[in-house]
Structure formats: structure tokens, C-alpha cells
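K.L.:
The structure's right below; bear with me while I get my questions together.
The values are calculated or read from the model by the stated rules, or taken from the named source; none is laboratory data. Bear in mind that the values here come from a model prediction, so they are computed numbers and not experimental data. Every residue, glycine as well, gets a Cβ built from its backbone with ideal geometry; the counts of neighbours run over all protein chains shown.
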Amino acid sequence: MAPLSPGIYRGQFAITNKAVNPEAAIRWVDYLYSKEGNELLNIGKEGDVWAWADEASGTRKLLESPIEGKTIEDYRGTTTPDYGINVPALRHKIEGFPESEFTKFTNSETDVKIKPFAKVSYPLVYLTPEDQEEVGRIRVNLDTYIEQMERNLSQVPSLCPIGTNILKH
């Protein structure tokens, strides 16, 4: 089995108790999970990185970079937040947008060599506040245990003369 992403990127934002308008923040994040929001994050506004080749058929084209010596992809990195950072999003193919030869190649390889064997290995989990608190307590205990074992194991070589069977100790 190969791990398959469920396509939803979670945990990429937080709204603190200092937020003046938390409802507006939630509406913004909801928008980012929409088709239109994903397109804005990924390819920016019309006229920045792309234009309609034929709006009636939904076909888009990449524009030339306005920065001399830079590719349109380099320019896109200055116009959209979804360039090298994780943002809340529901990923899907953007219809009518030209794919690079590299994207076509990786998609083809993925379709043939990974997707037939891939499954979402662990479902998206939403914990209650009580469950999250328990997980936090368990995590502290596990971290403490791991640190102790690492300290103990780091002392083993000094306790065993070279050439002895370490498993006997």
C-alpha cells in the first residue's frame, strides 16, 4: 500500500481569543476550502499569472512573467500565498489551466505507479476537547519515556568494553 492524501490540508491556521472578528476569519477560511478559493490561492487573480484563452470553453493560458529573467512561476510566488507554505485548502485540479510537461509526467507516473496501490492510511480524526486533553497527557508521558531511553542507550557504549557483546549487557 502507498499512502494517499485525503486532499484536505488541515491545521494550517488558528483563530486566537485576540481576534476582533473571528466570524470573518472563519468565513475567509471557508472560502479557501472552496473551488474558487483554491484557484485564487493556487493561480492568483485573472490577469496576474493567467488570462482566459477562451472563457466560453473555460480554457486559460499562462501569461509571460512581468519580471525580466524570471519565470511566470517565480512571479506567481510573489502574488499568491500558496507558494512554498501550507495554507488551508481543498486541493483539486484547476479546470482549463495548462499543465507543464513536468506536471503531466508526474501525474502520469502517479496514476500508473502509485494510485492503483494507494489508500488513505489514516482517516481524518477530530477529537473532542476531553480526548485532546488525554492525548496531550499521554504525549507528555511518551516524550519523557523516549528521553529517558535515549539517555540510557547513550550510556551503553561507555559501559561495555570494545569487542564485547552489547546484547549481554
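Yes/no matrix, rows are residues, columns are (1) at pLDDT below 80; (2) not assigned by TED's automatic domain parsing to the domain that holds GLU55:
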{"site": "GLU68", "(1), (2)": "no, no"}
{"site": "ARG76", "(1), (2)": "no, no"}
{"site": "GLY84", "(1), (2)": "yes, no"}
{"site": "GLU101", "(1), (2)": "no, no"}
{"site": "LYS115", "(1), (2)": "no, no"}
{"site": "LEU124", "(1), (2)": "yes, yes"}
{"site": "ARG139", "(1), (2)": "no, yes"}
{"site": "GLU150", "(1), (2)": "no, yes"}
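K.L.:
While we're on this one: When you look at GLU36, is it under 20 Å from PRO98 (Cβ atoms) and surrounded by fewer than 11 Cβ atoms within 10 Å (Cβ to Cβ), yes or no? If you could, list the steps in order and put the result at the bottom.
P.N.:
Details: under 20 Å from PRO98 (Cβ atoms): yes; surrounded by fewer than 11 Cβ atoms within 10 Å (Cβ to Cβ): yes.
Against the criterion (under 20 Å from PRO98 (Cβ atoms) and surrounded by fewer than 11 Cβ atoms within 10 Å (Cβ to Cβ)), GLU36 qualifies.
K.L.:
Of the numbered conditions (1) touching a strand residue (DSSP E or B) at 6+ places or on another chain (Cβ under 6 Å); (2) closer than 30 Å to PRO123 by Cα, ASN107 satisfies every one except a single condition; which is it?
P.N.:
Condition not satisfied by ASN107: (1).
K.L.:
List the number of the failed condition for LEU32; all other conditions in (1) within 30 Å of LEU124 (Cα to Cα); (2) at pLDDT 90 or above; (3) not basic (Lys, Arg) hold.
P.N.:
Among (1) within 30 Å of LEU124 (Cα to Cα); (2) at pLDDT 90 or above; (3) not basic (Lys, Arg), the lone unmet condition for LEU32 is (2).
K.L.:
Here's something else I'd like to know. In the stretch 72-102, how many residues are surrounded by 11 or more Cβ atoms within 10 Å (Cβ to Cβ) and under 19 Å from ALA53 (Cβ atoms)? Steps first, answer last, please.
P.N.:
Here is the first cut: in the stretch 72-102, the residues surrounded by 11 or more Cβ atoms within 10 Å (Cβ to Cβ) are 72-83, 86-92, 94, 96-99.
Pick out the ones that are also under 19 Å from ALA53 (Cβ atoms) and you get 72-73, 75-76, 94, 96-99.
Counting residues in the stretch 72-102 that are surrounded by 11 or more Cβ atoms within 10 Å (Cβ to Cβ) and under 19 Å from ALA53 (Cβ atoms) gives 9.
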